[in-house]
Amino acid sequence: MEQYTVLYFGTWGYGKAGLQGLLKSENVIIKEVFTKWNPGNKNMYMDQVRILAEENNIPVFNTLKERCSAEQFTRAVVKHNHIDFIVSCCYDRIFKPEILSLPDRMAINVHPSLLPKYRGIKPLENAIVNGEKETGVTLHELEKDLDSGKIIHQIGEIKIKKTNTYQKLYAKQCKAITLVLSEFFKKPEFYLANRKPQNKKQVSWAPRLSFEIRDDDTVKEIQQNSEKNDVF
C-alpha cells in the first residue's frame with residue numbers, strides 16, 4: 001500500500017474529527033500538525049487537536065495569531081520537503097501560494113456543508129436558520145478563493161430535524177468528517193481523478209449570525225431566535 005505524507009491544519013471539534021480520519025488511515029504519515037492553543041488559558045474546546053496530536057506523538061506547531069505571525073507560519077510550513085498532501089479542516093489561517101504549491105499531490109480541505117452551498121465560516125448554523133432539511137461535508141481542493149475548489153468527495157444525508165440539538169448535528173458532521181478523509185485515503189488517486197468543479201449558480205454563503213447558539217439549542221429554537229433577531 002502506498003504511503004502518503006501529510007501536513008495537517010485544524011482547530012476545534014471539526015479539526016479533531018479530521019485528525020481522527022487521518023489517524024484511521026494506515027497509509028498516512030502525519031509529519032506535523034498545525035493548530036492553535038493558548039498555553040496560559042486552557043480551553044477544552046480549543047485544545048482538542050493539540051491533545052490528540054500529542055497523544056499520538058505527532059509534532060505540533062502553535063499557530064495562535066498572538067504568538068505566530070503570518071511570516072512565521074509560512075516559514076514553519078514550507079520548511080517541509082516531500083509532502084504529498086496538505087489537509088485542512090476548520091482552520092483560521094490563509095494559505096499563501098507558496099503553501100498551496102508545497103505538496104507534491106494536492107492541498108485539500110474538509111468543509112462542513114454540501115458545497116457549493118454555504119461557503120464560509122458558519123455553514124451548519126446557516127443551514128439550520130435557512131430551514132435546510134439536510135446537510136453534510138465536502139472534501140475539496142484548496143484554492144486561493146474561499147471554499148471554491150473542485151469537489152473531491154462528499155458525504156450527505158445528515159438530516160436536520162426540528163428536535164435535533166445543535167450539538168447532535170455538530171457531532172454527526174464530525175463523524176462524517178472522519179469518514180470522508182478515511183475513505184479518501186483508501187483510494188486517493190481515484191477520488192482526485194474524478195473531482196468535479198462546483199456549480200457557480202448554486203453558490204450560497206454562510207456568514208456569522210447576529211446571535212449566539214448554545215449546544216443544547218434545538219433546530220426549532222435556533223430558527224425562532226433567528227426570526228427574533230431578523231437574521232435575514
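Nothing in this text is a laboratory measurement; each read-out follows from the coordinates by a stated rule. Here the structure is a predicted model, which means the values were calculated and not measured. Note that we place each Cβ from the backbone using ideal geometry, even for glycine, and neighbour counts take in every protein chain shown.
Arranged from fewest to most other beta-carbon atoms within 10 Å of their beta carbon, MET106, MET44 become MET44, MET106. When +1 charges are put on Lys and Arg Cβ atoms and -1 charges on Asp and Glu Cβ atoms, the dipole computed for segment 96-232 relative to its Cα centre reaches about 380 debye. Within a straight-line Cα-Cα reach of under 24 Å, LYS161 can be paired with the following lysines, leaving aside sequence neighbours fewer than 8 residues apart in one chain: LYS117, LYS122, LYS133, LYS172, LYS175, LYS220, LYS228. Taken one residue at a time, the phi angles of segment 103-108 give Karplus couplings (6.51, -1.76, 1.60, θ = phi - 60°) of x, 5, 9, 6, 9, 10 Hz. Gly and Pro are set to x. Using alpha carbons only, how many angstrom separate the centre of segment 110-158 from the centre of segment 18-50? Their Cα centres are 22 Å away from one another. Arranged from fewest to most other beta-carbon atoms within 10 Å of their beta carbon, THR35, THR178 become THR178, THR35.
Could you tell me which of SER148, PHE95, ALA206 has its Cα farthest along the dipole of segment 73-232 towards the positive end, charges placed at Cβ (Lys, Arg +1; Asp, Glu -1), taken about the Cα centre? The one lying farthest along the dipole's positive direction is SER148. 3J(HN,Hα) along segment 207-223: x, 5, 8, 8, 9, 8, 10, 8, 4, 8, 5, 7, 4, 4, 5, 5, 5 Hz, from the Karplus curve 6.51 cos²θ - 1.76 cosθ + 1.60 with θ = phi - 60°, whole Hz, x for Gly and Pro. For segment 17-110, the set of GluC sites (Glu not before Pro) satisfying both a DSSP loop assignment and a count of at most 16 other C-beta atoms within 10 Å is given as GLU26, GLU66. A Gaussian network model of the chain, with springs between Cα atoms under 10 Å, assigns the largest mean-square fluctuation among LEU22, LEU192, LEU146 to LEU146. Charging the Cβ of each Asp and Glu at -1 and of each Lys and Arg at +1, and nothing else, the dipole of the chain about its Cα centre rounds to 340 debye. Taking the Cα centre of segment 1-104 as reference, the dipole from Cβ charges on Lys and Arg (+1) and Asp and Glu (-1) amounts to some 380 debye. Karplus-derived 3J(HN,Hα) values for segment 10-26, using 6.51 cos²θ - 1.76 cosθ + 1.60 with θ = phi - 60°, are x, 9, 6, x, 4, x, 4, 4, x, 5, 4, x, 5, 5, 6, 8, 5 Hz; glycine and proline are entered as x. Looking at the square roots a ≥ b ≥ c of the eigenvalues of the Cα gyration tensor of segment 1-104, which shape do they give, rounded for a/c under 1.5, prolate if a/b is larger than b/c, or oblate? Oblate.
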